[in-house]
1. Can A155 be described as surrounded by fewer than 18 Cβ atoms within 10 Å (Cβ to Cβ), farther than 19 Å from P56 by Cβ and touching a residue at least 60 places away in the same chain (Cβ under 8 Å)?
2. Taking S101 as the residue in question, decide whether it is in a helix (DSSP H, G or I), touching a residue at least 12 places away in the same chain (Cβ under 8 Å), touching a Leu at 6+ places or on another chain (Cβ under 9 Å) and farther than 17 Å from E36 by Cβ.
3. Could you pull out the residue among L150, L177, L98 that is under 17 Å from V71 (Cα atoms) and of a type outside the set (S, T, Y)?
4. Quickly run through the range 167-181 and pick out the residues that are at pLDDT below 90 and surrounded by fewer than 20 Cβ atoms within 10 Å (Cβ to Cβ).
5. For V122, which of the numbered conditions (1) closer than 25 Å to A29 by Cα; (2) crowded, with 17+ Cβ neighbours inside 10 Å; (3) of a type in the set (A, V, I, L, M) fails to hold?
6. For the range 4-11, check the following and say yes or no: at least one residue is at pLDDT below 95 and either of a type in the set (A, V, I, L, M, F, W, C) or surrounded by 14 or more Cβ atoms within 10 Å (Cβ to Cβ) (or both).
7. Go through (1) farther than 30 Å from T168 by Cβ; (2) in contact with a Pro (Cβ under 8 Å, 6 or more places away or on another chain); (3) in a helix (DSSP H, G or I) and name the single condition L48 misses.
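The values are calculated or read from the model by the stated rules, or taken from the named source; none is laboratory data. Keep in mind it's a predicted model, so treat the numbers as computed, not measured. A quick note on method: Cβ atoms are made from the backbone with ideal geometry, for glycine too, and the neighbour counts reach across all protein chains shown.
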Amino acid sequence: MSDSDAARRPRQFGTSRLEAFSDGVFAIAITLLVLEISVPAGAETHLLRAVLDQWPSYLAYAVSFSTIGAVWVAHSAITEYLVGADLGLVRLNLLLLLVVSFLPFPTKLLAENVGETGPERVAGTIYGVTLLMSSVLISVLWRYAVREGLVRPDAGDEEIRVVTERLTPSLFGYLTLILLGIFLPVIAVIGYLAIPLYLLLPFRRHRQRETRQ
């Protein structure tokens, strides 16, 4: 490689700081979720009823916790394949963390407006769009790494294909549920919970299944 080619080649960085910073943001975001669940009003006289009446907060918490967990698992899988990171990947990663750290807000918005017909639909839509963006960005992050040659050279084409498929299937599901949420917000939120639970299936088990086929 000539000096001019080396000069034009994008600078690459190690991934250790990117992983450490990302893990910190994931941990803070997932901790902030539980802070949105407050001690219910009326707990002094009817504690059980007051606790049960907060079911929208528990449902929103479960969905958001599972979503952040699934994004973290996918992010960890991606960084395991990386040999380095360039500025483009770092910027995409920051954009993903922007969405993840924003998630406690629509979670609270949804929890406080379930049962209110108009606000419930608006809150559900904002919530669904935020979840969709996190799914899109994790997929874009991986595809960018593959396209820019940041993935380990020992990762075979079939393995890359399986991971790509594994990071993509939720996109259509989120779009469908966002539309459903305009009419049936609570049903849509339950659907939002099903997506990350599916994505939390181990990557290794999925790869082994693909290999046997």
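1. Details: surrounded by fewer than 18 Cβ atoms within 10 Å (Cβ to Cβ): yes; farther than 19 Å from P56 by Cβ: yes; touching a residue at least 60 places away in the same chain (Cβ under 8 Å): yes.
Answer is yes for this residue.
2. Values: in a helix (DSSP H, G or I): yes; touching a residue at least 12 places away in the same chain (Cβ under 8 Å): yes; touching a Leu at 6+ places or on another chain (Cβ under 9 Å): yes; farther than 17 Å from E36 by Cβ: no.
Judged against the criteria, S101 is not a match.
3. Residue meeting the stated conditions: L98.
4. Of the residues in the range 167-181, the ones at pLDDT below 90 are 167-173.
T168, P169, L171, F172, G173, listed by residue number.
5. All conditions pass for V122, except number (2).
6. Yes, the range 4-11 has at least one match.
7. (2)
Residue by residue, here is whether (1) charged (D, E, K, R); (2) farther than 23 Å from Q54 by Cα; (3) over 19 Å from the mean Cα position of the chain (by Cα) holds:
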residue	(1), (2), (3)
K108	yes, no, no
V114	no, no, yes
G118	no, no, yes
S139	no, yes, no
R152	yes, yes, yes
T176	no, yes, no
